[in-house]
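Rule-based calculations on the coordinates, nothing more; no lab input. What you are looking at is a predicted structure, and each value in this text was computed from that prediction instead of being measured. Note that each Cβ is placed from the backbone with ideal geometry, even for glycine, and that neighbours are counted across all protein chains shown.
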Amino acid sequence: MTVARRMRLSWDRVSLYLPALLMGLLALGTWWLVRNAPKPPQIQQARVPTHEPDYFMRGFSVKTFDATGRLESDMRGDVARHYEDTDTLEVDKVHMRSVTPEGRVTVATANRALSNADGSEVQLFGNAIVTRESRPRKGVAPQPKLEFRGEFLHIWVNSEKVQSDQPVTLTRGSDQFTADRMDYDNLDQIVQLQGRVRGTLQPAPGAANRR
């Protein structure tokens, strides 16, 4: 057998496996390209806020001041939880104290409070007490001490309003009233008592001597 014939037979044998070899190389190249190709940037889905606390505070005190540096309010409590979805602050064993520009002091306590972001609207739950202290002012007759008690009180600090859709006790000086619902507006000096309303009025000091 001549050399040329041997070479031709060898080439014929190789050509039988050539298609399979090329297909293997093509598959290997495709796998390498896929593995090393840059990955498309992943689109991050916007996180939907849930009603879960995003931070806590323990044994805290938060104070707010006006532009002149005057203390407007002071809030203290055992534990505070902030909720991102509603931007509200929930406080356990809350104690609040606010002072108006005229010097009127209001103190509020409760087992739990829910406040908006700037503290201008506060809901008190459980053994809620709001007290407006009596403070005499020059040239103005002193107002008697005013106190609200109930299991729920809703306060608007800036507009000086107190509301409740649950039974409440209102004490003004030595006078006391109870009602199923209440709406009090200090700026307009109006109080609305609804439902079963009962009141006890005490005579003013010295009234008997003036008769």
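Structure notes:
- Listed by Cβ neighbour count within 10 Å, with the fewest neighbours leading, Lys161, Lys145, Lys63 appear as Lys63, Lys145, Lys161.
- Rounded Å value of the spacing that divides the Cα centres of the stretch 137-197 and the stretch 45-107: 23 Å
- Listed by chain and number, the aspartates and glutamates whose alpha-carbon sits under 12 Å from that of Lys63, ignoring those within fewer than 8 places in the same chain, are Glu72, Asp74, Asp118.
- Residues of the stretch 168-196 with an amide N closer than 20 Å to a point placed 7 Å from the Cα of Asn127 along the Cα-to-Cβ direction: 168-171.
- Residues Leu89, Leu146, sorted so that the one with the fewest Cβ neighbours within 10 Å comes first: Leu146, Leu89
- Residues Ile190, Ile155, ranked from the fewest to the most other C-beta atoms within 10 Å, line up as Ile190, Ile155.
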